[in-house]
Amino acid sequence: MEPIPNHDVTYNNNKHHNHNPHHIHTHTHNISKLSFIVIGAGLIGPRHASHIISRSDCQLFAIIDHSAKGPIVAQQLNTLLFKNLDELFHYCQSQRISYPDAAIIATPNHTHVQLGLKLASKGIHLLVEKPLAPTASDCKTLIDYCRSHKIHLLIGHHRRFNPYIITTKKNLNKLGKLVAIQGSWTLCKPPSYFLEKHWRSSVELGGGTLLINLIHDLDLLQYLLGPIDKVYAELLSKQRVDRFDDNSAIDSLVDEGAALTLRFRNGCCGTFICSDNVTSPFSFEVGTGENPTVPFNDSISGFYRIFGSHGTISVPDLKLYHQQDDEDVVQDNSEPIDNSMRNNYNDSRSWLRPIVTEQLKMDHETDELDDEYIDVDMEMNSLLPTPSPSPNYKEFTPIHKLKTSSTTSTTTTSSTKKSSSKPKPFDLQLDHFINILNGKESVVKCTGEDALQALLCIEAVIKSIKSGLPQYVEDIDTITPNNELLKEYM
């Protein structure tokens, strides 16, 4: 452990200050601020840490990392450094100070559950990067433990907070009945990406583009369209075999992507191409500019295309295609469209009539806030909406029959001006987590169950690849936790 700076510590003699018996009560951190640790000094951890530092109501207590990057990142952020959680816990106990309020886990996929259980056992709330775990059983283990111990658990599917996705979901009801989806995530990762972190090229450790990247898109598609019911997948050919002397090991190499067909529970169908080894700009990173290390291309259109009975939305260009004079064109908050054949003499929707293009605007691009899409509990200093929760998987209603928001801000007016710059999804996600912790919001926008649903889709994809047959996605209620692992922390 390398204690770089000193933190303010105040005395608190109230032995019931924290409900969790594992906390040290004699001293506590500045109670006006939420105290965070960030585990992992790789690509994502420091981004979270920087935003924590930027907020006046939070403090960064420490970085947890055993790599050579750890001391550099901790020094840059002027915070404590510990090589592992045991060192952190020992430090808090020896200094008689409370454990941090929350932790952000940004480590290799296979470490998430063990770290999460260890932290949750100390009463520390969790933001865990996706995927929650390499297996569905491990996911269920951490979900059940956090629920039984009243630990807040938010999963880092941060793209739900991206303004492109918020705008898309907000306008889905204009499409009428959702019929089909066409999507792609295609780019090229260089050799250095894999050489930097060994686990990225290990199937056993959670590597491969299906688990690292495709899981993001499947989460988004389910967030927009509801649960995926059935998948069929074919692996794309592998090109990275020349990096190994033994070509017989090709089967043990991580995947480079797959071609998928999807069927959603609401009847919508779709196709998706995922590849991390083609030269292509059609990916979320390139089209939205969300990753500062990947060059943004603002001319990209249609890495998602969502087709409905009365319109089509293209993402990320946010073009809505419809027939302008159509009497049935869907307006906000209108009733679902009747597509039955009794209206078959109405030719207002026809290939013989022109299709018009409407440019949708993200909230930060417009002059006024849309009250309907402002989360009443959001951080009012940014005045930007956060996403609505996922559809209820157990009582699923087709998304085109759902109102996208039911909350109305009581503290803003239609004349409130928006921020002119594009909001950062990572920051909006962390703001949401902080709101959950301090009680300003009560509904977690990406739950452990959401993460489990996305992982079950990936597992169905892998089963389809191995069997050569379509596979139904397992129901989350059938998943059982690892009881032996749970016993270690009970």
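The values are calculated or read from the model by the stated rules, or taken from the named source; none is laboratory data. Computed from a prediction, not measured in an experiment: that's the story for all the values here. All Cβ positions, glycine included, derive from the backbone under ideal geometry; neighbour counts span all protein chains shown. Areas reflect the complete protein model, heavy atoms only, side chains present, ligands, DNA and RNA absent. Shrake-Rupley method; radii C 1.70, N 1.55, O 1.52, S 1.80 Å.
Looking across segment 67-111, just one residue is in contact with a Lys or Arg (Cβ under 8 Å, 6 or more places away or on another chain) and more than 25 Å from CYS139 (Cβ to Cβ), and that is GLY70. Pairing residues of segment 470-488 that are more than 26 Å from LEU119 (Cα to Cα) with residues that are in a helix (DSSP H, G or I) and open to solvent by 70 Å² or more (accessible area, probe 1.4 Å), at Cβ distances under 9 Å and at least 6 apart in sequence or on separate chains, gives GLN471/LYS463. Among the residues making up segment 258-299, a single one is in contact with a strand residue (DSSP E or B) (Cβ under 6 Å, 6 or more places away or on another chain), open to solvent by 20 Å² or more (accessible area, probe 1.4 Å) and under 15 Å from TYR164 (Cβ atoms): PHE282.
Is one or more of the residues making up segment 407-418 at pLDDT below 95, over 30 Å from TYR472 (Cβ atoms), in a helix (DSSP H, G or I) and not polar (S, T, N, Q)? The answer is no, given that none of the residues of segment 407-418 is at pLDDT below 95, over 30 Å from TYR472 (Cβ atoms), in a helix (DSSP H, G or I) and not polar (S, T, N, Q). State whether one or more residues within segment 61-68 are farther than 11 Å from ILE104 by Cα and without any contact (Cβ under 8 Å) to a residue 12 or more places away in the chain. Checked against the condition, which is being farther than 11 Å from ILE104 by Cα and without any contact (Cβ under 8 Å) to a residue 12 or more places away in the chain, segment 61-68 yields at least one hit. Filtered by the rule that a residue be within 12 Å of PRO108 (Cα to Cα), in contact with a Lys or Arg (Cβ under 9 Å, 6 or more places away or on another chain) and not polar (S, T, N, Q), segment 184-205 gives a lone residue, ARG200. Filtering ILE181, ILE166 for residues that are under 24 Å from ILE436 (Cα atoms) and open to solvent by less than 40 Å² (accessible area, probe 1.4 Å) leaves a single hit, ILE166. If you filter segment 179-199 down to residues that are among the aromatic types (Phe, Trp, Tyr) and at pLDDT below 95, you find that the one that is nearest to ILE228 (Cα to Cα) is TRP199. Checked against (1) free of Cβ contacts under 8 Å to residues at least 24 places away in the same chain; (2) within 30 Å of MET362 (Cα to Cα), GLY156 passes all but condition (1). How about segment 106-140: which of its residues are more than 24 Å from ILE462 (Cα to Cα), open to solvent by less than 10 Å² (accessible area, probe 1.4 Å) and outside any loop (DSSP other than H, G, I, E, B)? Listed by number, the residues that qualify are GLY116, LEU117, LEU119, ALA120, LEU126, LEU127. Evaluate the following for GLU459: is it touching a residue at least 12 places away in the same chain (Cβ under 8 Å) and not in a helix (DSSP H, G or I)? Here the answer is no, as GLU459 does not meet what is asked. Please find, within segment 300-328, the residue that is nearest to ASN266 (Cα to Cα) out of those that are open to solvent by 40 Å² or more (accessible area, probe 1.4 Å) and at pLDDT below 95. Among those residues, the one meeting the criterion is ASP328. If only residues of segment 74-114 that are in contact with an Asp or Glu (Cβ under 7 Å, 6 or more places away or on another chain) and not small (Gly, Ala, Ser) are counted, the one that is nearest to LEU132 (Cα to Cα) is VAL113. The number of residues in segment 433-456 that are over 17 Å from CYS146 (Cβ atoms) and not in a loop (DSSP other than H, G, I, E, B) comes to 5.
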